[in-house]
Amino acid sequence: MPASGFAIENRVFDPAETLPRAALEALQLERLRDLVARVSEVPFYRDYFTLHDITRRSIRSLDDVRRLPFTTKDDLRRHQPLGFLAVPRREVARIHGSSGTTGRPTFVAYTAQDLKTWSGLCARFLVAGGLRPEHTVQIAFGYGLFTGGFGLHYGVEQVGAAVIPAASGNTRRQLDIIHDLAPEVLICTPSYALTIADGARELGMDPRSLPLRFGHFGGEPWTEDMRREIEEQLDILAFNNYGLSEVMGPGVSGECAARNGMHLQEDHFLVECLDPETLAPVPEGEPGELVITTLTREAVPMIRYRTRDIARLYREPCACGRHMTRMSRVAGRSDDMLIIRGVNVFPSQIEEALLRVEGTTPHYLIEVDRPGTLDQVTVKVEIRAEMFSDRMDRMQGLRERIAREIHTVAGIRAEVDLVEPRRIERFAGKAKRVLDKRSLSDG
Amino acid sequence: MKLQQLSLFLENRPGRLGAPLEAIAAAGINLMTLSLADTAQFGILRLIVREWEQARQVLEDAGWVVNLTEVVAVDLLDRPGGLAQALKVLESAGLNIEYLYAFSLRRGDKAILIFRFDDPDQAITVLKAAGLHVVDAEELFSHVA
């Protein structure tokens, strides 16, 4: 994408998006001070504020956000259900929940005003990414506790476009709807966009001939590779958006016509980018954990919510006229990040590489060692019957393909060790993914 | 006419070769022949046994990844040029040999080689048309029993 040109016509939905930086920061400060007052009856924050003598007057500049406590997913879990509610229960207009690998969902509540704010923020990135009132949009996100379906649904309505709430799954039916109703825009996860392309080919259709022109994808981390793949296969422009239910849902940030990072909706979210170890701010453009304070959320305001999402922030002005800070794609999670020769690597990337070669993910273990001065990575992969051949050339080829994909996806050279089944230790049914043998001292 | 060959994935570290062979022996299965292809890191063990279904079950139950391949056993004159003759036949028919290894047993002036082809059926037709003797499982195992 050339920096000068736009993929589509550059349009702004809400004048607030182009607030000059000084006005934006003044608004943020005012809202941050109000926030401190608004959460002072939420037990979790009240206790901390009392102990540290914090009131709205403690906040004199935006940097003073660092005087406030962090909130983690564990804190939310400990106060379920709705222990962070900052308004009377009767003011709650809707409740969503975040899925989790750990069982029960974490519930998040919205007031009527929260819902209005949310659809407005979704409308912002949708319009920035080409949505116009005359368009028809097919939403193939789950409708339910998950915030993706309903969040985008009302965002599309806010823009004035037509919504087809197709919901997730049943690819055949999705294709029938696309064929019959000719939506210009598709909203789903990036991986589901590729599933739709596959499904079209299976039915003997050319996915490039579908009427779709744009796609807004989110809900899971993806790569530039995947964007090219989606655009090539479906002949559309693919836009990235970001959000998480703990602070709202989709609409925290999204790409503009320049498609050079996602603009954070900073009039509603104060976003820090911190070193996950030291919790100090990282220099601009460096990867760090996004820590988000909701400035306008009424029902469950979050102070310094640790997203665990690793991204980079860019503050230089964007060609589109918005002064809002841009964030990069989410490069992974702070909880399992490895730094290999200065490259941040996530087990999920190794998983993706294996998935590309194998079609499914076998058990694997990433071993990191530093025999001399350089990090060395060995990825042990348990052999499965479907991968195994009696031919040595096939087996060597398999190793090479895995190593090549790891390099493509994670940007590191790794030794691939094929190992016998059940050689990788399991812990409580879950496989351990990383074994870091590097000594912590540099001596 | 084809033989069933069992292949196992083995890590290349001490003791890994012995374990599957012991498992087969413990099940009372007699090993006819074996071949090992290896790299510094892993190996592929190929086995010919009469009771291949039972052996496969024993190995899979013990946790090995087992692959079943059809191979072709060919009787060759055990004298200079014996193998060359067979290879010439296969070459002129454009058949690709993935790998081959010798059967451990000899009979008189004959030696038996195990061939792994992409297309074993076509290979059998070609070998037979050239007058070469393809040994089937029954005949092969009757000699060793």
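FYI, it's all coordinate maths here, none of it is from the lab. Note that the structure is predicted; figures quoted are calculated from it, not measured. When we count neighbours, we look across all protein chains shown, and the Cβ atoms used for this are built from the backbone with ideal geometry, even at glycine.
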**Fill in**
Sorted by chain and then number, the residues having a modelled amide H within less than 5 Å of the amide H of residue A:309, at least 5 places away or on another chain, are A:290, A:334
**Using θ = phi - 60° and Karplus 6.51 cos²θ - 1.76 cosθ + 1.60, couplings along the range A:40-54 (whole Hz; Gly, Pro as x)** = 5, 9, 6, x, 4, 7, 4, 4, 5, 4, 5, 4, 9, 6, 9
**Fill in**
Any residue on another chain or 5+ positions along whose placed amide H is under 5 Å from the amide H of residue A:436 is listed here as A:368
**Asked** Using θ = phi - 60° and the Karplus curve 6.51 cos²θ - 1.76 cosθ + 1.60, what whole-Hz ³J(HN,Hα) does each residue of the range A:377-389 get, with Gly and Pro shown as x?
**Response** 10, 10, 9, 8, 10, 6, 6, 10, 3, 5, 8, 8, 10
**Request:** Along Cα→Cβ, 7 Å out, is where each label goes; now give me the distance between the ones at residue B:38 and residue A:22 in nm to one decimal.
**Result:** 7.6 nm
**Complete:** Spelling it out for residue A:106: with amide H atoms placed in the peptide plane at 1.01 Å from N, the residues 5 or more places away or on another chain with amide H under 5 Å from its amide H are A:98
**Request:** Quantify how strongly other chains surround peptide A:407-418 by giving the mean number of their Cβ atoms within 10 Å of each of its Cβ atoms.
**Result:** 1
**Item:** the protein assembly as shown - share of DSSP beta bridges that are antiparallel (%, nearest 5)
**Value:** 75 percent
**Request:** Choose one of B:134, B:108, B:96: the residue whose Cα lies farthest towards the positive end of the charge dipole of the range B:71-144 (beta-carbon charges +1 Lys, Arg; -1 Asp, Glu; about the Cα centre).
**Result:** B:108
**Prompt:** Which ³J(HN,Hα) values, rounded to whole Hz and listed in residue order, are derived for the range A:256-264 from phi using the Karplus coefficients 6.51, -1.76 and 1.60 in 6.51 cos²θ - 1.76 cosθ + 1.60 with θ = phi - 60°, glycine and proline given as x?
**Reply:** 9, 4, 6, 6, 10, x, 9, 6, 6
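Say R0 is 25 Å: what FRET efficiency, to the nearest 0.05, do residue A:224 and residue A:286 get from their beta-carbon distance?
Values: r = 19 Å, r/R0 = 0.76.
E(calc), rounded to 0.05, equals 0.85.
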**Request:** Classify the protein assembly as shown as rounded, prolate or oblate, taking a ≥ b ≥ c as the square roots of the eigenvalues of its Cα gyration tensor: rounded when a/c is under 1.5, otherwise prolate if a/b is larger than b/c and oblate if not.
**Result:** prolate
**Complete:** Among trypsin sites (Lys or Arg not before Pro) in the range A:1-92, those in a DSSP loop whose Cβ has at most 11 other Cβ atoms within 10 Å are A:60
**Request:** Using a 10 Å cut-off on Cβ to Cβ distances, tally the other chain neighbours for every residue of A:384-396 and report the average as a whole number.
**Result:** 6
**Asked** For the pair residue B:77 and residue A:277, what calculated FRET efficiency results from E = 1/(1 + (r/R0)^6), where r is the Cβ-Cβ distance and R0 = 56 Å, to the nearest 0.05?
**Response** 0.15
**Fill in**
To the nearest 20 debye, the range A:177-228 has a Cα-centred charge dipole, built from +1 on Lys and Arg Cβ and -1 on Asp and Glu Cβ, of 140 debye
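With charges set only on the Cβ (+1 for Lys and Arg, -1 for Asp and Glu), what does the dipole of chain B come to about its Cα centre, in debye to the nearest 20? Please list the in-between numbers first.
Numbers: 13 positive and 19 negative charges, 84 e Å.
So the magnitude is around 400 debye.
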**Prompt:** Using the alpha-carbon atoms, what tilt in degrees (0 to 90, nearest 10) does helix B:82-92 show relative to the longest principal axis of chain B?
**Reply:** 80 degrees
**Prompt:** Which one of A:276, A:199, A:230 has its Cα pushed farthest toward the positive end of the charge dipole of the protein assembly as shown, where Lys and Arg give +1 and Asp and Glu give -1 at the Cβ?
**Reply:** A:276
**Message:** Using a Gaussian network model on chain A with a 10 Å cutoff between Cα atoms, which of A:108, A:271, A:419 fluctuates the most?
**Reply:** A:419
**Asked** So which lysines can residue A:437 reach, going by Cα to Cα under 30 Å and dropping same-chain residues fewer than 8 places off?
**Response** A:73, A:380
**Item:** Student exercise, the protein assembly as shown dipole from Lys, Arg, Asp, Glu Cβ charges, in Debye to nearest 20
**Value:** 1200 debye
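Taking every residue in B:2-12, how many Cβ atoms of other protein chains lie within 10 Å of its Cβ, on average? Don't skip to the answer; put the middle values down first.
Values: counts 0, 0, 0, 1, 1, 4, 3, 13, 2, 7, 0.
Counting other chains' Cβ atoms within 10 Å and averaging over B:2-12 gives 3.
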**Request:** Identify which of A:129, A:120, A:83 has the largest mean-square fluctuation in a Gaussian network model of chain A, with springs joining Cα atoms closer than 10 Å.
**Result:** A:83
**Item:** Listed residue (A:285, A:70, A:18) projecting farthest to the positive dipole end of the protein assembly as shown, Cβ model
**Value:** A:70
**GNM flexibility winner over chain B from B:25, B:123, B:111 (Cα, springs under 10 Å)** = B:25
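Taking GluC sites (Glu not before Pro) as exposed when DSSP calls them loop (any state but H, G, I, E, B) and at most 10 other Cβ atoms lie within 10 Å, what is the longest stretch of chain A free of them, the sites themselves excluded?
Working: sites that count: A:9, A:134, A:277, A:425.
The longest uninterrupted stretch comes out as A:278-424.
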